[in-house]
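Only one structure is covered here, and it is reproduced in the block below.
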Amino acid sequence: MTFRDGGDGTPREGLDPAEGRIARFVRKVRWRLREGIYAGRVSVGLRRDVHAPVAVPSARIPLSLRSFEPEDLAWLFPDDDTGSGADERADIAWRLRMVERGALFSHCFVAIDETSGRPCHVQWITEAGYDAAIRRGGALPVLGPDQAMLENAYTPPQYRGMGVMTAVTAMMAKRAADVGARTVIAFVDEDNVSSLKGACRAGFRPYMIRVRRQYAFGLVRTARFDPLPADYAFPHQRP
């Protein structure tokens, strides 16, 4: 399961400093071609008061939460660039570099399967005050001083359907309180029904719609934020 789509709109090409120039160029071209001439995406903005009590279902395995460590990548994304988590792996590498440069106020966490000691989920907390560089795509809202955002959650295939995302998202909401946040928000693709249900079980409630569009292989990007209509229905609820 994944509610990835942190929404920064930034290409992840050339993230590995060990890559040669030709490899980075090929990655960049491949990314642009994959964007296509036109594409649109609708996401739902959800929020939660981190101090409000929420009864969250437990995952089917015992979990603990700790900060991300470099060796976690091999467990989370064993297939490297050929696997289903290639974009997520690249996104983590990009975000770690942004954090090192001081351009992004984010903290990456992993959930640990206590039965095996292996990482089974990754997720970010982004704090207020992140640099404008991450908003060049125009797809993220400005966070208030008492807000934080959960981003780029990813669960490896073997751990999906076990309630991991719901449990970890609730744990992450509590972590947001540690950085002074009172409200935590997240954006989930409208058609990602399992992630939307999981976020709601973790105490999040829809309040906003984000419409993103890109043209000319991603060279032009737009984003619009609208309040959630009173009569809004998720795709799986529509006739």
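The values are calculated or read from the model by the stated rules, or taken from the named source; none is laboratory data. All values reported here derive from a predicted model rather than from experimental measurement. We place every Cβ from the backbone using ideal geometry, glycine too, and count neighbours over all the protein chains shown.
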Yes or no: segment 162-180 includes at least one residue that is at pLDDT 90 or above, out of contact with any Pro (no Cβ under 8 Å at 6 or more places or on another chain) and in a strand (DSSP E or B). no
Residues that are over 30 Å from PRO227 (Cα atoms) and either at pLDDT below 95 or not in a loop (DSSP other than H, G, I, E, B) (or both), drawn from segment 26-63: VAL26, ARG27, LYS28, VAL29, ARG30, TRP31, ARG32, LEU33, ARG34, SER58, LEU63
Within segment 186-239, which residues are among the hydroxyl-bearing types (Ser, Thr, Tyr), outside any strand (DSSP E or B) and more than 15 Å from the chain's Cα centre (by Cα)? TYR232
Residue selected from segment 84-105 under the condition over 25 Å from ALA170 (Cβ atoms) and of a type in the set (A, V, I, L, M), by the criterion modelled with the lowest pLDDT: ALA103
Out of everything in segment 106-151 that is closer than 16 Å to ALA173 by Cα, surrounded by fewer than 23 Cβ atoms within 10 Å (Cβ to Cβ) and among the polar types (S, T, N, Q), what residue ends up being modelled with the highest pLDDT? GLN147
Which of the residues spanning segment 64-83 are surrounded by 12 or more Cβ atoms within 10 Å (Cβ to Cβ), hydrophobic (A, V, I, L, M, F, W, C) and either in a helix (DSSP H, G or I) or modelled with pLDDT of 90 or more (or both)? LEU65, PHE68, LEU73, TRP75, LEU76
Sole residue being farther than 18 Å from ASP49 by Cα and among the polar types (S, T, N, Q), chosen from GLN147, GLN158: GLN158
Options ASP178, ASP191: the member that is acidic (Asp, Glu), surrounded by fewer than 19 Cβ atoms within 10 Å (Cβ to Cβ) and closer than 17 Å to PHE109 by Cα: ASP178
